[in-house]
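*Asks:* What follows is a structure written as structure tokens; I'll ask about it next.
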Amino acid sequence: MIHKMKLNEDPFERVKNGTKTIEFRLYDEKRRKVKIGDKIEFSKLPDLQEKILVDVVDLYTEPSFEELFEKLYEDKELAKQKANAMYEIYSPENEKKYGVVGIKIKLVDNWFRYTYNKLVRDKIPENIDSENGRKSKYRILNDDEYLKELNKKVIEEANEFVEENSIEELGDLMEVLNAIMKLKGYKMEDVNTAMKKKVDKKGSFNDRIYLEYVDEKSRNIEEEKELNKDFRK
């Protein structure tokens, strides 16, 4: 059985590099389901994208953290210090209610997973799978999912272009826009027609005009909505 748990960055990295071999938790309902021989998938906080898999090789249960640490380290002062550190995470009331457990773990063959859940270029999985020790998992999106992810990708690529203003990032942005045009059935001549219509009505951006404010006796609500769209700022 595989159990799923979350870890902060520091303990996660120590489990990953093998310097942390026991995970201490309350012995609550979830932890009571863990048995020797099971596996635990740890996800790294805060974004939970990085994951590692470990084997459960032993379990140590005691009424309190201090008793557990005394059992493991045979140093009462060290046990007390470690117990006090645990009280920054768990309350003494919950400790008394559930008891505690030390889960001895072993990394499963350096197993490591990084979760992306995002639209990528067509050859990315092929390139990943061609590298020794790497295997991708992907699925094909339907039209609704595809458009949703392309819309996210527009924002991502636009932000990257804003950061660098490079021709490479501009090319990435155009690639996403071309994919949206293809999905929606838009032709370039239709896009150019729509652009010309807007230019004829409102002009282009060639004159570098930066609108500061408008003094007015009557409001133009439609214009205000157009000029104040937050996602365009």
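*Asks:* What are the pairs, 6+ residues apart or on separate chains, where a residue within segment 139-161 that is in the same structural domain as residue 172 (by TED's automatic domain parsing) and of a type in the set (Phe, Trp, Tyr) has its Cβ under 7 Å from a residue that is part of a helix (DSSP H, G or I) and surrounded by 13 or more Cβ atoms within 10 Å (Cβ to Cβ)?
*Replies:* From residues that are in the same structural domain as residue 172 (by TED's automatic domain parsing) and of a type in the set (Phe, Trp, Tyr), the pairs are 161/169; 161/170; 161/173.
*Asks:* With respect to residue 224, is the statement that it is under 38 Å from the mean Cα position of the chain (by Cα), surrounded by 11 or more Cβ atoms within 10 Å (Cβ to Cβ), closer than 24 Å to residue 118 by Cβ and of a type outside the set (Phe, Trp, Tyr) true?
*Replies:* No, not satisfied.
*Asks:* Could you say whether any residue in segment 105-112 is part of a loop (DSSP other than H, G, I, E, B) and either surrounded by fewer than 12 Cβ atoms within 10 Å (Cβ to Cβ) or not aromatic (Phe, Trp, Tyr) (or both)?
*Replies:* Among the residues of segment 105-112, not one is part of a loop (DSSP other than H, G, I, E, B) and either surrounded by fewer than 12 Cβ atoms within 10 Å (Cβ to Cβ) or not aromatic (Phe, Trp, Tyr) (or both), which makes the answer no.
*Asks:* Could you say whether any residue in segment 83-102 is at pLDDT below 95, under 30 Å from residue 176 (Cα atoms) and not charged (D, E, K, R)?
*Replies:* no
*Asks:* Pull out all pairs, ordered by first then second residue, where Cβ-Cβ is under 6 Å, the residues are six or more apart or on different chains, the first lies in segment 82-106 and is touching a residue at least 60 places away in the same chain (Cβ under 8 Å), and the second is crowded, with 16+ Cβ neighbours inside 10 Å and assigned to a helix (DSSP H, G or I).
*Replies:* Once the first residue is touching a residue at least 60 places away in the same chain (Cβ under 8 Å) and sits in segment 82-106, its partners that are crowded, with 16+ Cβ neighbours inside 10 Å and assigned to a helix (DSSP H, G or I) give 86/65; 100/65; 100/68; 101/31; 102/68.
*Asks:* Still on this model: What is the residue count in segment 159-169 for residues that are part of a helix (DSSP H, G or I) and either loosely packed, with under 15 Cβ neighbours inside 10 Å or among the β-branched types (Val, Ile, Thr) (or both)?
*Replies:* 6
*Asks:* Among the residues that make up segment 15-37, is at least one of them part of a helix (DSSP H, G or I) and closer than 16 Å to residue 114 by Cα?
*Replies:* yes
*Asks:* Determine whether segment 140-159 contains at least one residue that is touching a Leu at 6+ places or on another chain (Cβ under 8 Å) and closer than 30 Å to residue 37 by Cβ.
*Replies:* no
*Asks:* Scan 110, 178 and give me the residue that is modelled with pLDDT under 95 and farther than 30 Å from residue 66 by Cβ.
*Replies:* From the options 110, 178, the qualifying one is 110.
*Asks:* Would you confirm whether any residue within segment 121-130 is in contact with a helix residue (DSSP H, G or I) (Cβ under 6 Å, 6 or more places away or on another chain), surrounded by 12 or more Cβ atoms within 10 Å (Cβ to Cβ) and not assigned by TED's automatic domain parsing to the domain that holds residue 48?
*Replies:* no
*Asks:* Just give me the residues in segment 182-221 being closer than 24 Å to residue 147 by Cβ, surrounded by 10 or more Cβ atoms within 10 Å (Cβ to Cβ) and either of a type in the set (A, V, I, L, M) or touching a Gly at 6+ places or on another chain (Cβ under 9 Å) (or both), in sequence order.
*Replies:* 183, 191, 194, 195
The values are calculated or read from the model by the stated rules, or taken from the named source; none is laboratory data. Computed from a predicted structure; not experimentally measured. For neighbour counting, all protein chains shown are included, and Cβ atoms are generated from backbone atoms with ideal geometry for every residue, glycine included.
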